[in-house]
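In what follows, a structure is listed as structure tokens, so that the remarks can point back to it.
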Amino acid sequence: MISDLTRLLVVLLFCAFLVSCGGSDGDGGAPATTQEAADKLPQRIEVAEKSLSQLESAIDSGQVRNALMIKEYARILGEQKPELKSLTKNLSQDSSKNGAIFSSLRNRLDTLKNNPDVFESPLMQYQEANALIAASQPHTYNLALTDVVNVLADMSNGSLPRIEALAKSDSLTSNNAQDMGAGSQLIGNPAYGQWSNQGGTSIWAWYGMYAMFRDLTGGRSYGYNQWNQNRDYSYYNDVGRNRYGNARTKTANAPKTKRYGSARDYGTSKKSYGSKSAERRSSSYGKSKNQSSSFSKKSSNVGGSFRNKSTYSRSRFGGK
């Protein structure tokens, strides 16, 4: 019987050798006028449609590496914690083209093609087409899935490592953030919920299939101001909003301050966090010292092909 650890290591090794499937997301020359944007728009929509179709093929053929991670993490967590099985099953959908993030891209393309009145001008339509092209690049989409991977990792209480982010304890400390519980990386992401006005205050409300996140935090809801002031890093809110938010959600309830999530972020913000010691605190998989030592000890027992490898302590999943 193959153990969970062995299976996970096989997935990680396979992911490390997958070839990145990036493509060009250039805009072909930004339009100088509204009329020029209108003239170029049909071609950009065609490129966006083609890019999304290619991404769908990449997902179906197992070439999006973090999609594989989501599927495996969800399987393991569902077995570790059967009481979370319905939630992990819903999150595992993000390993496929039926997931929340891919479905959001598909819906945005449909709106762009069939409901142009949603946009104020051809220039905004053109910008939306370019955002969709960029978001549909497999390498970029791969990074957009890191929030889901890390939500599953955190729900495992550290038995599954984070990727492309600091360990949870390090990240909370470095960002002076509050632990907002399971799913907090997905707060603010319109693929998973929305800000609703309650008595003049914006409150985050999960969509039905993710409502268990509220139950896991004792029924607690977070208002925008509390979240904005105390939130930790997430890929969507700190990196991907312009590509993965639609025309309305890009600016609505956007966080006011960037948070830092990986060693690379510290390297580019030394005035704020300023130290090489911060960079040393985490590999790009974001394991804490205890996680790292524990994980490498376990992996050394799996077999010769994994022994003393650095594959799992250095990211092969691409940077920001």
Which net charge results when you count Lys and Arg as +1 and Asp and Glu as -1 among the other residues whose beta-carbon is under 15 Å from that of residue 190? +3
May I ask you to derive the FRET efficiency for residue 198 and residue 39 from their Cβ-Cβ distance with R0 = 56 Å, giving the value to the nearest 0.05? 0.80
Note, ³J(HN,Hα) from phi for the stretch 71-79, Karplus 6.51, -1.76, 1.60, rounded to Hz, x at Gly and Pro: 4, 6, 4, 5, 5, 5, 5, x, 7
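Within the set of other residues whose C-beta is less than 15 Å from the C-beta of residue 215, count the net charge using Lys and Arg as +1 and Asp and Glu as -1.
Summing Lys/Arg as +1 and Asp/Glu as -1 gives +3.
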Placing +1 at every Lys and Arg Cβ and -1 at every Asp and Glu Cβ, with all other atoms neutral, what dipole size does the stretch 94-240 have around its Cα centre, in debye to the nearest 20? 200 debye
Using a cut-off of 15 Å between alpha-carbon atoms, which aspartates and glutamates can reach residue 256, once sequence neighbours fewer than 8 places away in the same chain are excluded? 232, 238
What are the ³J(HN,Hα) values, in whole Hz, obtained from phi via the Karplus relation 6.51 cos²θ - 1.76 cosθ + 1.60 with θ = phi - 60°, for each residue of the stretch 94-105 in sequence order, with x given for Gly and Pro? 5, 7, 10, 6, 8, x, 4, 6, 5, 4, 5, 5
Can you give me the long-range amide H partners of residue 258? Hydrogens built in the peptide plane at 1.01 Å from N, cutoff under 5 Å, separation of 5 or more residues or another chain. none
Karplus-derived 3J(HN,Hα), 6.51/-1.76/1.60, for each residue of the stretch 229-234, Hz, glycine and proline x: 7, 10, 5, 9, 5, 9
Straight-line reach from residue 97: which aspartates and glutamates fall under 18 Å, measuring Cα to Cα and dropping same-chain residues less than 8 apart? 49, 56, 60, 72, 110, 147
Considering amide H positions built from the backbone, and no H for Pro or chain starts, which residues 5 or more places from residue 193, or on another chain, come under 5 Å of its amide H? 207
Highest first, please rank the peptides 210-223, 41-54, 185-198 by the mean number of other Cβ atoms sitting within 10 Å of their residues. 185-198, 41-54, 210-223
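Rule-based calculations on the coordinates, nothing more; no lab input. The structure presented is a predicted model; accordingly, all values stated were derived computationally and were not measured. Virtual Cβ from ideal backbone geometry, glycine too; neighbours counted across all protein chains shown.
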